[in-house]
Amino acid sequence: MNDESTSQGRGVDIRLLKFVWTYIRPYQNLFWISAILMPLSTACALAQPYVIKIAIDLFLAKPRATSSSRALQTPVERLLGPILVRLGGGYGLVGIGELYLILIVAEFASFYGQFYLTNMLAQYSLSDLRLALFKQVERLPMAFFDRTPVGRLVSRMTTDIDSISEMFAAGSLTMFNDVLTLLGIITILFGSSPRLALWALCTIPPLLLIINFFRVRARVVYREIRDRLAAINAYLSEAISGMTVIQLFTREEVSRGEFDVLNMRSRDAQMMSNIYEAGLFSAVEALSSFTVAIVLWVGGGQTIRNIIGLGTLVAFVEYLKMFFMPLREISTKYTALQSALTSVERIEALMVEVPAIQSPLAPTRIANPRGSIVFENVSFEYRPGELVLRKLSFTVE
């Protein structure tokens, strides 16, 4: 049962992402340039702790024996050592500093370009989506507006569009790049010390279970948040437009009570989402600190016994901080993504609404109209059982 619902949820997510892509496609050049800058920024970030490791192992640490020091050096370190010395004018640390500075500047430039292009893409595509949504509303029949509160339609064009914009601003599209970052860190850790890497990653299985626990429940909560917020917008639109009637019949207290119920339901849904988000964030933070403690305990003993270099231990700690950073941010990104998908689902439902009566693309024009139009006992209703016209009869010559 759960597997079926999960597979259906994934199918719905893919369908909704395809719907969003139809509005991104005209600006896909911006999308692909941003996609290229993502791994470039990640590569520059991943190289920085390794440069610190080289600096410590080659130029700062004082090993017990020269032979063991030589054995601890990787082929990359033995290759870069002389190059860094020549780059720094005979001083290796100067070359390290220059290389580190280059990596920082490259990371800043690539991340800035990626973030700027992503948000530019978001504004252009969402502007087109808002216009298409407005055009769709203009084509809908009066029966639709009779059964749909105006506030809900306003919520689609404002709150739901803003929710999709928040997805871009929160960096939800970089979740794929976060996966590449995690895979890159795992590769570097196992390349430096497989045994210490196994100790460092021992907390990943329980962390994945925790993330999945919150992921399943968060989707339901964010759908409730959007529904209850739309109910508030609809009630406000109707209450404010009909404030004269409310005051004439002295229904201020009743109206205030009805709004208070809607407001409380929205508050409760928001509080539930805060509980899930705080639980995920604190769980990742706690496991991150626990993992660093394990690495310092195990890696410190290996460093004392000269099994690994001091630079390797320092690099492990830095990489673990980088490893858990995407996992900490995944709560924010996933929150924005789930909220946006819920909004996309509601927008798509409005976009596929088909008018009951559609005007022909090429209507026939009568050259010399003759005769008359006769209505005999015509009744009409928008909602079943609620007549708007009852047995209306008239003639138009």
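What the table below lists for this structure:
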{"read-out": "Residues located in the range 29-44, provided they are crowded, with 20+ Cβ neighbours inside 10 Å and among the hydrophobic types (A, V, I, L, M, F, W, C)", "value": "L37, M38"}
{"read-out": "Entirely in the range 19-92, the helices (runs of 4 or more DSSP H) that have 1 or more residues that are modelled with pLDDT under 60", "value": "66-72, 75-87"}
{"read-out": "When residues of the range 270-323 are limited to those that are among the aromatic types (F, W, Y) and in contact (Cβ under 8 Å) with a residue 12 or more places away in the chain, the one nearest to A218 (Cα to Cα)", "value": "Y276"}
{"read-out": "Count - residues of the range 371-383 that are modelled with pLDDT under 80 and assigned to a loop (DSSP other than H, G, I, E, B)", "value": "0"}
{"read-out": "Tally, over the range 369-379, of residues that are surrounded by fewer than 10 Cβ atoms within 10 Å (Cβ to Cβ) and either within 18 Å of M142 (Cα to Cα) or without any contact (Cβ under 8 Å) to a residue 24 or more places away in the chain (or both)", "value": "6"}
{"read-out": "Residue, farthest from T118 (Cα to Cα), within the range 130-150, restricted to residues that are open to solvent by 20 Å² or more (accessible area, probe 1.4 Å) and not in a helix (DSSP H, G or I)", "value": "P141"}
{"read-out": "Of all residues making up the range 236-276, the number that are at pLDDT below 85 and among the aromatic types (F, W, Y)", "value": "1"}
{"read-out": "Residues being more than 22 Å from F214 (Cβ to Cβ), open to solvent by 20 Å² or more (accessible area, probe 1.4 Å) and small (G, A, S) - total across the range 278-299", "value": "1"}
{"read-out": "Subset of the range 247-277 that is open to solvent by 60 Å² or more (accessible area, probe 1.4 Å) and among the aliphatic types (A, V, I, L, M) - its residue that is nearest to M325 (Cα to Cα)", "value": "I275"}
{"read-out": "Sole exception among (1) touching a Gly at 6+ places or on another chain (Cβ under 9 Å); (2) surrounded by fewer than 10 Cβ atoms within 10 Å (Cβ to Cβ); (3) not acidic (D, E) for P363, by number", "value": "(1)"}
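The values are calculated or read from the model by the stated rules, or taken from the named source; none is laboratory data. As the structure is a prediction and not an experimental result, all values here were calculated from the model. Cβ sites come from the backbone with ideal geometry, for glycine too, and all protein chains shown count toward neighbours. We work out accessible area using only protein heavy atoms, side chains counted, and drop any ligands, DNA or RNA first. Shrake-Rupley method; radii C 1.70, N 1.55, O 1.52, S 1.80 Å.
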